[in-house]
Amino acid sequence: MASTFFTAFDLPNSLDLKHHHHHHQIRLNSRKRTKKPPSFYCNSSKSPPKSQPPDLSEEPKKQNPSLADQLQTLSTTILSDTPQKPTQLLTKPKSIWVNPTKPRPSVLNLQRQQRTSYSYNPQIRDLKLFSKKLNECENNKDAFLKILEEIPHPPTRENALLVLNSLKPWEKTVLFFNWLKTQDSFPMETIFYNVTMKSLRFGRQFKLIEDLAVEMIDNGVPLDNITYSTIITCAKRSNLFDKAVEWFERMYKTGLMPDEVTYSAVLDVYSKLGKAEEVMSLYERGRASGWTPDAIVFAVLAKMFGEAGDYDGIRYVLQEMKSLGVKPNLVVFNTLLEAMGRAGKPGLARSLFEEMVAAGVSPDAKTLTSLVKIYGKARWARDALDLWQRMKSNGWPMDFILYNTLLSMCADLGLQEEAEKLFDDMKGSENCKPDSWSYTAMLNIYGSGGNVEKAMTLFDQMSKENVAINVMGCTCLIQCLGRAKRIDDLVMVFETSLKKGIRPDDRLCGCLLSVVSYCESGDDLDKVIGCLDEANPRLVSFVKLLEEKKVGFEKVKEEFKEILNSTEVEARRPFCNCLIDICRKRNLDERAHELLYLGTMYGLYPGLHTKTPEEWRLNVRSLSVGAAHTAFEEWVGSLSEMVNRNEPLPELLSASAGAGTHKYSQGLANAFESHVMKLSAPFRQGEEKPGVFVASREDIVSWVRSKV
């Protein structure tokens, strides 16, 4: 008989635990049976007692503990590497008061700095040939200086600039610049430093650029807009964003106003630092100075808002471009499309794409890949396939990434026939032959559809064509073979993959654990456990520990926490689901309830319970069949206890098992409905939403009292 799991719905509002979806306290009786069955208390305000308390009936009522006492055991519910919540991005900066009686000072120079014009040099042919000779010589100081002795004309200011501009490797630019300084033929002006810095920027040599800038300051050589722009953009390309900000602030302190090129670069720097308020403040102050941003600036803003999924910010960018008459180029369109995808706006992304095509801007492979990803995420199969047909008819560019994205989308949506056509297209193309990821997508499609023969044929084909299988393809194939109960083939694929250098990851281990959960006892089960033991022996040891009746809850809790801490975050919940399924399969119902409690305590099931004044809901869509059954039993037991204590219930109670949107997905609804009927619980599947089981308060109360 499983333990009863009580869920308290009145968690004190004063206790706010960040980064934790649920904080649970547990009260467990000893493993030995007493007359009264052991009970779990979830989300309760009661403090956690010892693992072997006295009889509950004899225990006096205790007052709620203080906040400090409740937080004392918080460390026992924390797992390592918990993902942090992203910082909320603000689309508008804080207001800045401006004296209306004084004109607002300009923050940038609206005129770009004019570049130095060159007069005709009759010696240009000889100097170009000499520069070519310098570029082709060995990249060492001695060889370079030896050729410098052959310079055809004396190094005048114009001749030196021409040669300096013609040198490609940054190392040779520095050598020639240092040689010029030793000749002392003319003073080293700002332009010589600027040309040298630009060559260094191409090689991302920020330290050398910064040294040259300090040398200019020490020698009294003025730094102009081009100098600062080069320093800032090199720092940006080198991901030294703090250095870029430092030099931008130093520029203002000297009284030099940045031009629009420098200003745009700094906007991008602040964006990459995640300083949205500073970006918007700079942008609006620049606009107030009469600045008209170009398409590059709007691409920066769109990328910043897109990465935050801020649709209001994206809309602001579009409105600004429209009001200023700035026509987006391909880069801006691609950035906006990616931003629409992150903001979850497939309809607007489609409209933007049509606007782009209508404006005569031809999409590239990056554009089409972004759009396919958006359609796939929104499960817009028809739009994605229509887009593919347009690609073929219009001759739009397609690359590996685009093909594989289309194949992955077909795998997600269960479009086997369409995927096979795509795969054949790849085979027939000259530049985009199927690679390992292409085969993996097809294995995923066949595996999800249960098409074992085609999956195995494809696996053999990969071996013949020397296409390396990756761990994802191995996982898809093992999952398919496990469902088909072809255990010998499963073992063969696993052993072959190990020989080819595949290192089992947590997803592959979870797949093997899943096969163990529904595999019948006998030789087949031993074979699968043998594979799992090679991949993750600690998991096998924990499964065996769950079967030990003498092992107490605290030991299970300790081992389970260590396993979760050594597991990737995205694989923790599948592990817990499979372990609960294994316990249910082996009639270890009490262990299943313990694991569900631990999984909930460690935040593996966020949103398992939702509550409004009108409705309480149990959400089991992210649970496996066994875990969903266990959670429903706990919930129903909790409701029964509340009825027996005459505690108030809402008008409506519901359980959501999901309907399954994947073509091959069976969902939880059928299995969940069978379990509801088995328990004779008064929940019935609603007519409006498939996969949602509802019961009224009166139904629950009547059912509980009829059982008594």
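Among the residues of the stretch 433-461, what is the count of those that are part of a helix (DSSP H, G or I), within 31 Å of the chain's Cα centre (by Cα) and free of Cβ contacts under 8 Å to residues at least 24 places away in the same chain? Write out each step before concluding.
Initially, the stretch 433-461 is screened for residues part of a helix (DSSP H, G or I), giving 436-448, 452-461.
If we keep only those that are within 31 Å of the chain's Cα centre (by Cα) as well, we get 436-448, 455, 458-459.
Right, trim to free of Cβ contacts under 8 Å to residues at least 24 places away in the same chain and you get 458.
The total comes to 1.
When the stretch 307-325 is filtered for residues that are of a type in the set (A, V, I, L, M) and either in contact with a strand residue (DSSP E or B) (Cβ under 6 Å, 6 or more places away or on another chain) or closer than 15 Å to LEU352 by Cα (or both), the ones remaining, listed by number, are ILE314, VAL317, LEU318, MET321.
Specify which of the listed residues (GLU634, GLU590, GLU614, GLU594) is of a type in the set (Asp, Glu) and open to solvent by 50 Å² or more (accessible area, probe 1.4 Å). So that I can check it myself, show each step before the final result.
On the way: GLU634 fails: open to solvent by 50 Å² or more (accessible area, probe 1.4 Å); GLU590 fails: open to solvent by 50 Å² or more (accessible area, probe 1.4 Å); GLU594 fails: open to solvent by 50 Å² or more (accessible area, probe 1.4 Å).
One residue alone meets the criteria, GLU614.
Say whether the condition of being farther than 24 Å from THR233 by Cα and either assigned to a loop (DSSP other than H, G, I, E, B) or not acidic (Asp, Glu) (or both) is met by at least one residue in the stretch 298-310. Before you say what the answer is, go through the steps one by one.
Residues of the stretch 298-310 that are farther than 24 Å from THR233 by Cα, as a first pass: 309-310.
Subsequent filtering for residues that are either assigned to a loop (DSSP other than H, G, I, E, B) or not acidic (Asp, Glu) (or both) retains 309-310.
Looking for residues that are farther than 24 Å from THR233 by Cα and either assigned to a loop (DSSP other than H, G, I, E, B) or not acidic (Asp, Glu) (or both), one finds at least one in the stretch 298-310, hence yes.
Can you run down the residue pairs with Cβ atoms below 6 Å, 6 or more apart or on separate chains, where the first is in the stretch 484-495 and open to solvent by less than 10 Å² (accessible area, probe 1.4 Å) and the partner is of a type in the set (Lys, Arg)? Within 6 Å, the pairs are ILE487/LYS527. Tell me whether the stretch 617-625 contains one or more residues that are farther than 30 Å from MET472 by Cβ and either open to solvent by less than 10 Å² (accessible area, probe 1.4 Å) or touching a helix residue (DSSP H, G or I) at 6+ places or on another chain (Cβ under 6 Å) (or both). Scanning the stretch 617-625, I find at least one residue that is farther than 30 Å from MET472 by Cβ and either open to solvent by less than 10 Å² (accessible area, probe 1.4 Å) or touching a helix residue (DSSP H, G or I) at 6+ places or on another chain (Cβ under 6 Å) (or both), so the answer is yes.
Checked across the stretch 248-259, the condition of being open to solvent by 20 Å² or more (accessible area, probe 1.4 Å) and under 30 Å from LYS322 (Cα atoms) holds for at least one residue. Annotation note: of GLU570, GLU559, GLU590, the sole residue that is in a helix (DSSP H, G or I) and in contact with a Pro (Cβ under 9 Å, 6 or more places away or on another chain) is GLU590.
Right, GLU534: part of a helix (DSSP H, G or I) and either open to solvent by less than 70 Å² (accessible area, probe 1.4 Å) or over 21 Å from ALA627 (Cβ atoms) (or both) or not? Explain how you work it out, then say what you get.
Values: part of a helix (DSSP H, G or I): yes; either open to solvent by less than 70 Å² (accessible area, probe 1.4 Å) or over 21 Å from ALA627 (Cβ atoms) (or both): yes.
Yes.
Taken over the stretch 551-568, the residue count meeting the criterion of being open to solvent by 60 Å² or more (accessible area, probe 1.4 Å) and touching a residue at least 60 places away in the same chain (Cβ under 8 Å) is 2. Of everything in the stretch 212-247 that is within 26 Å of GLY274 (Cβ to Cβ) and among the hydroxyl-bearing types (Ser, Thr, Tyr), the residue that is most open to solvent (accessible area, probe 1.4 Å) is SER238.
Could you check, for the stretch 319-332, whether at least one of its residues is within 24 Å of the chain's Cα centre (by Cα) and not polar (S, T, N, Q)? Within the stretch 319-332, one or more residues are within 24 Å of the chain's Cα centre (by Cα) and not polar (S, T, N, Q). Among the criteria (1) in a helix (DSSP H, G or I); (2) without any contact (Cβ under 8 Å) to a residue 12 or more places away in the chain; (3) surrounded by 13 or more Cβ atoms within 10 Å (Cβ to Cβ), the one LEU539 does not fulfil is (2).
Screening CYS576 on (1) open to solvent by less than 10 Å² (accessible area, probe 1.4 Å); (2) more than 27 Å from PHE683 (Cβ to Cβ); (3) under 23 Å from the mean Cα position of the chain (by Cα) shows it passes everything except condition (2).
Table: residues versus (1) open to solvent by less than 60 Å² (accessible area, probe 1.4 Å); (2) out of contact with any Cys (no Cβ under 8 Å at 6 or more places or on another chain); (3) farther than 22 Å from VAL269 by Cα.
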| residue | (1), (2), (3) |
| --- | --- |
| LYS303 | no, yes, no |
| ASP310 | yes, yes, no |
| SER323 | no, yes, yes |
| ALA339 | yes, yes, no |
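When GLY344 is tested against (1) surrounded by fewer than 21 Cβ atoms within 10 Å (Cβ to Cβ); (2) out of contact with any Lys or Arg (no Cβ under 7 Å at 6 or more places or on another chain); (3) not in a loop (DSSP other than H, G, I, E, B), exactly one condition is not met: (3).
The values are calculated or read from the model by the stated rules, or taken from the named source; none is laboratory data. Bear in mind the structure is a predicted one, so any value in this text is a computation, not a measurement. In this analysis, Cβ positions are derived from the backbone assuming ideal geometry, glycine residues included, and neighbour counts consider all displayed protein chains. Keep in mind that these areas ignore ligands, DNA and RNA; they rest on the heavy atoms of the full protein, side chains included. Shrake-Rupley method; radii C 1.70, N 1.55, O 1.52, S 1.80 Å.
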